[in-house]
Amino acid sequence: MIEKTKRRLILFTTSIAAFLPPFTSSLISFAVPKIGETFHASFTEIVWVPLAMLIALSSFMMLFGKISDEFGRVKLLRIGFLMFLIASMLIYL
């Protein structure tokens with residue numbers, strides 16, 4: 001049986017992984033008005049911003065599913081967390 005602290009770590013990690021996609025999507029929703037202002041875009045043009053993110057995420061889903069089958073899901077999840085952390089830090093610089 002898995003020890004208690006390891007079980008809690010697994011629960012915490014999977015909870016964070018489940019929280020990140022809706023969180024990043026909601027951030028895009030808050031940024032849309034400012035993006036539209038900055039680029040002087042009309043409503044019909046600015047609607048494509050969240051849609052482009054959804055298309056990009058959906059198009060890579062099958063690719064990364066195959067990569068996780070080849071290299072391991074845990075390893076890919078760790079790499080994804082690391083990339084998200086680095087990208088988040090670069091945004092604030």
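General remarks:
- Single condition Thr38 does not satisfy, out of (1) open to solvent by 90 Å² or more (accessible area, probe 1.4 Å); (2) modelled with pLDDT of 90 or more; (3) not small (Gly, Ala, Ser): (1)
- Subset of the range 22-32 (residues that are touching a residue at least 12 places away in the same chain (Cβ under 8 Å) and open to solvent by 70 Å² or more (accessible area, probe 1.4 Å)): Ser29
- Counted residues, the range 6-37 - those being among the β-branched types (Val, Ile, Thr) and more than 24 Å from Phe84 (Cβ to Cβ): 0
- Any hit, the range 35-57, residues being hydroxyl-bearing (Ser, Thr, Tyr) and within 18 Å of Ala18 (Cα to Cα): no
- Of everything in the range 68-93 that is aromatic (Phe, Trp, Tyr) and within 20 Å of Ile16 (Cβ to Cβ), the residue that is surrounded by the fewest Cβ atoms within 10 Å (Cβ to Cβ) is Tyr92.
- Single residue of the range 41-67 satisfying the filter (open to solvent by 90 Å² or more (accessible area, probe 1.4 Å) and of a type in the set (Val, Ile, Thr)) that is nearest to Ile28 (Cα to Cα): Ile55
The values are calculated or read from the model by the stated rules, or taken from the named source; none is laboratory data. This one's a predicted model, so the numbers in the text were calculated from it and none came from an experiment. Methodologically, a virtual Cβ is constructed for each residue, glycine included, from the backbone with ideal geometry; neighbour enumeration extends over all protein chains shown. All accessible areas refer to the heavy atoms of the entire protein, side chains included, with ligands and DNA or RNA removed. Shrake-Rupley method; radii C 1.70, N 1.55, O 1.52, S 1.80 Å.
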